[in-house]
Protein chains: 2
Amino acid sequence: MKVIKFGGSSLASAEQLKKVLNIIKSDPERRIVVVSAPGKRSGSDTKVTDLLIQYAEAYLAGKDYTAIQQQIIDRYQSMADELGLHSAMNDVRDGLQELAKMDKNSPERVLDAFKASGENNNALIVAEFLAKNGLPAVYVNPREAGIIVSDVPGNAQILPDSYEKIYQLTERDGVLVIPGFFGYTENGDICTFSRGGSDISGAIVAAGVKAELYENFTDVDAIFSAHPGLVKNPKAITELTFREMRELSYAGFNVLHDEALIPAFHADIPVVIKNTNNPEAPGTRISSARTIGKETVSGIAGDSGFLSIYLSKYLMNREVGFGRKVLRILEDMHLKYEHMPSGIDDISIILREDQFTDEIEQTLIRRLKEELHLDEIKIKHDLAMVAIVGEGMKNSIGVAAKATRALADNQINIEMINQGSSEVSIMFSLENGQEKRAIRALYDAFFN
Amino acid sequence: MKVIKFGGSSLASAEQLKKVLNIIKSDPERRIVVVSAPGKRSGSDTKVTDLLIQYAEAYLAGKDYTAIQQQIIDRYQSMADELGLHSAMNDVRDGLQELAKMDKNSPERVLDAFKASGENNNALIVAEFLAKNGLPAVYVNPREAGIIVSDVPGNAQILPDSYEKIYQLTERDGVLVIPGFFGYTENGDICTFSRGGSDISGAIVAAGVKAELYENFTDVDAIFSAHPGLVKNPKAITELTFREMRELSYAGFNVLHDEALIPAFHADIPVVIKNTNNPEAPGTRISSARTIGKETVSGIAGDSGFLSIYLSKYLMNREVGFGRKVLRILEDMHLKYEHMPSGIDDISIILREDQFTDEIEQTLIRRLKEELHLDEIKIKHDLAMVAIVGEGMKNSIGVAAKATRALADNQINIEMINQGSSEVSIMFSLENGQEKRAIRALYDAFFN
């Protein structure tokens, strides 16, 4: 059994839904379909979810919402008309109108219910469309599917007990169409997942039914070994491990949100990223282990917006508890650090800059100075991180040499190298503005 | 004013003392002389300090100590005879005999007093010898000099107030000869410093009198850029900063014990390492800042006997407090870590192997696993660390490239690279047994 999830752009129009139909039809193992809300049909279009947020805001503010409500209904109606559907639209229309009867005392719940209706209505449409075209498809509500979540609107987490319930879906016949993005609390309230929510739903269902594969259909042929905006025709990656994917997402790849991979990782379900518009392309398969070819490096990614704080104190390494004191101060101040490489008498802390205001920065510096009795403290803003990632690097001699040579030849100064703490990546920190050049240089060195 | 310290081999015989005389005479700024106990005169000889330990042990055990006592007296006597000295020997003999009247209830104090007499007697001899040869030299007892220490036999620390008292030595005329290695507690008991104790005494006195220079005379021409046992005719280093010296000592250089540099570092007193047997050689000067030439690397050092523990957990970097929990466990178990580089979902901890027994290792692994809910934990024994050190590396492009290339060309696999946390070093961890080859390869790359 395969769980197949379609993103917003795959479901934005009648034309796209026809592609979806063919994809599902082409493989009888594609038994559970998880759908997003309709995305943009063109660059200037608005996602249904964004329309729903406007609708919710108007409703909550006591303003006239009839126009925006109608715009949303029309959006589904036009798809239904084009596809010749009738019955689903009654539920869609009723559902969208019912929203405007919710208790306004919990605006967060209102917002979550409005947003969730985007996926829910689309699942109704898709189910009717598939059924009308020869597939034994039925709509399955997330509550019925067993997707029971924690009561945190906008950032719900699946409850561990849910998986057993979800497994019961395997006993059902036909093609099950489940709206993504949300679940129900134990009290029966709708709560949405965080960013990338439908991806999360798909992974949860795949883990629950112990799927042989979780297929994530989007609008790119594959994950590429470098950002296509930076490198011309970068190589498509056919296979990645979960940890390679983690390193690449961390360092700037954002095809699939990290959180979406957690249920698949823990249940050891392979994930494949495929293109609805080009389903013949093999896509990128992400799993816990893969065959390692002769290529050492799978991908190169980079991100900017880091700062480093350099602490120096003579004989630091003899001071028991020094590192822990540093981490205690960061924790006190609710600052998350990315790396903390240490020398003998010095430690550098790398953090994301977006956590800082001038005031937070000053407080941190003052506390570190005063509480740790430092000889020196230096802060460096505007750093970028570039990572080369690959399972094949671990036992390969000369990878670091090749990478550092490529950077040196391009006159790029390396602020920091972090190799060996991760088995699948080497990270370089560089001055901001150098990361694009660095990615190109590294791509050339390892792929050209 | 310069403080000049002579090591045991510089004071082992009458012949050596004559060299010492010439060295002091040649510079009128050499006003304070700190002396070690007589070292070995030849390879098969025994250091006086070791004889004193035998004497102390015999005395404490209630055994006959007359033979060993006499052997020590004879050792000083033969020097005195050769140098034609008379008066100091009475004090030396009396002092050595008085030791055997000490209260045996504090064996640690007994041992410290016996050991300290090696330096003390030598200072008496040296002072008389210098005075007899035209220098206005006098013996100064450490208590009189103001060297007041914490009451920790074998590992005393200077008390901060001492420095003011020591400064009063600047008001005295002539050449002051002070025994190294020990001070007095506030109660008037003798306590010795740790390993390298006379070097520590010299640095303390240099800091106290605000000397322009602390000259440390030993039996090597200089600190070399790599170990002469590994590299043929390595380059002598003329200048180092304190932090370069720290990195080099840490990574295997042991000309001067780290602790000896602390007082000089804090008082910003330059230190020079020179050779009693070749005082014309410029030696190596260690100070807080130096002129940076075109050489990027100053020295290459290595050490073995490390282990690494690799911890991996999916989404580790989202877990607030993870690093601190790791450090808490290490601290609980009194384990000192050397480095703890982190990836996104993994941390490696590098520790010195000599802290471990099988049982400690098992306990640590179990605690890390249980308390941190890891996905994976791997321990790797027998690692070596090699460091390239140099103030000139900081802003130089291509140093890492050159180093990693040299290692790759010699088929040396790099387990870990730590660059950038320290401004003056790049550290590589390698499999044990590879460090010598690595040092040679790196030396070739940077110096040949």
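The values are calculated or read from the model by the stated rules, or taken from the named source; none is laboratory data. What you are looking at is a predicted structure, and each value in this text was computed from that prediction instead of being measured. Reconstructed Cβ throughout: ideal geometry from the backbone, glycine too, with neighbour counts over all protein chains shown.
Is there a residue being hydroxyl-bearing (Ser, Thr, Tyr) and more than 8 Å from chain B (Cβ to nearest Cβ) anywhere in the stretch A:412-423? No, the stretch A:412-423 contains no residue that is hydroxyl-bearing (Ser, Thr, Tyr) and more than 8 Å from chain B (Cβ to nearest Cβ).
B:Gly43 is checked against (1) at pLDDT 95 or above; (2) out of contact with any Phe, Trp or Tyr (no Cβ under 9 Å at 6 or more places or on another chain) and fails just one. What number does that condition carry? Checking B:Gly43 against (1) at pLDDT 95 or above; (2) out of contact with any Phe, Trp or Tyr (no Cβ under 9 Å at 6 or more places or on another chain), the one that fails is (1). Looking at A:Gly202, is it in the same structural domain as A:Ser36 (by TED's automatic domain parsing) and of a type outside the set (A, V, I, L, M, F, W, C)? In short, yes. Exactly one residue among A:Ala206, A:Ala264 is assigned to a helix (DSSP H, G or I) and within 14 Å of chain B (Cβ to nearest Cβ), and that residue is A:Ala264. Residues in the stretch A:427-448 that are at pLDDT 90 or above and either within 20 Å of B:Ser396 (Cα to Cα) or in a loop (DSSP other than H, G, I, E, B) (or both): A:Met427, A:Phe428, A:Ser429, A:Leu430, A:Gln434, A:Glu435, A:Arg437, A:Ala438, A:Ala441, A:Leu442. Residues in the stretch B:28-38 that are surrounded by fewer than 20 Cβ atoms within 10 Å (Cβ to Cβ) and assigned to a loop (DSSP other than H, G, I, E, B): B:Pro28, B:Glu29. Of the residues making up the stretch A:385-417, those that are under 17 Å from B:Gly343 (Cβ atoms), among the aliphatic types (A, V, I, L, M) and in a helix (DSSP H, G or I) are A:Met393, A:Val399, A:Ala400, A:Ala403. Output the residues belonging to the stretch B:2-27 that are surrounded by fewer than 17 Cβ atoms within 10 Å (Cβ to Cβ) and either assigned to a helix (DSSP H, G or I) or outside the structural domain of B:Ile72 (by TED's automatic domain parsing) (or both). Once the filter is applied, which keeps residues that are surrounded by fewer than 17 Cβ atoms within 10 Å (Cβ to Cβ) and either assigned to a helix (DSSP H, G or I) or outside the structural domain of B:Ile72 (by TED's automatic domain parsing) (or both), the stretch B:2-27 yields B:Glu15, B:Lys18, B:Asn22, B:Lys25. Filter the stretch B:323-356 down to residues that are among the polar types (S, T, N, Q) and facing chain A (nearest Cβ under 9 Å) and give me whichever is farthest from A:Phe428 (Cα to Cα). Going through the qualifying residues, I end up with B:Ser348. Checked against the criterion of being touching a helix residue (DSSP H, G or I) at 6+ places or on another chain (Cβ under 8 Å), in the same structural domain as A:Val205 (by TED's automatic domain parsing) and acidic (Asp, Glu), the candidates A:Glu98, A:Glu108, A:Glu128 yield just one match: A:Glu128.
Looking at A:Arg290, A:Arg285, which is the one that is at pLDDT 95 or above and away from every other protein chain (no Cβ under 14 Å)? After applying the criteria, what remains is A:Arg285.
Could you check the stretch A:46-69 and list, in sequence order, the residues that are modelled with pLDDT of 95 or more, charged (D, E, K, R) and assigned to a loop (DSSP other than H, G, I, E, B)? A:Lys63, A:Asp64 - these are the residues of the stretch A:46-69 that are modelled with pLDDT of 95 or more, charged (D, E, K, R) and assigned to a loop (DSSP other than H, G, I, E, B). Just one of the numbered conditions (1) within 14 Å of another protein chain (Cβ to nearest Cβ); (2) without any contact (Cβ under 8 Å) to a residue 60 or more places away in the chain is not true of B:Tyr314: (2). Of all the criteria given as (1) at negative phi; (2) within 22 Å of the chain's Cα centre (by Cα), the one not satisfied by B:Asp268 is (1).
Would you call B:Ser304 of a type in the set (S, T, N, Q), within 14 Å of chain A (Cβ to nearest Cβ), part of a strand (DSSP E or B) and touching a residue at least 60 places away in the same chain (Cβ under 8 Å)? Judged against the criteria, B:Ser304 is not a match. Can you work out which of the residues in the stretch A:355-406 that are among the hydroxyl-bearing types (Ser, Thr, Tyr) and within 29 Å of A:Glu247 (Cα to Cα) is surrounded by the fewest Cβ atoms within 10 Å (Cβ to Cβ)? The qualifying residue surrounded by the fewest Cβ atoms within 10 Å (Cβ to Cβ) is A:Thr357.
Among the residues making up the stretch B:333-354, those that are surrounded by fewer than 17 Cβ atoms within 10 Å (Cβ to Cβ) and without any contact (Cβ under 8 Å) to a residue 24 or more places away in the chain are B:His334, B:Lys336.
Close contacts from the stretch A:252-276, counting a first residue that is closer than 22 Å to A:Pro160 by Cα and not assigned by TED's automatic domain parsing to the domain that holds A:Leu213 and a second that is part of a loop (DSSP other than H, G, I, E, B) and among the acidic types (Asp, Glu), with Cβ to Cβ under 8 Å and a gap of 6+ residues or different chains, come to A:Ile269/A:Glu212; A:Pro270/A:Glu212.
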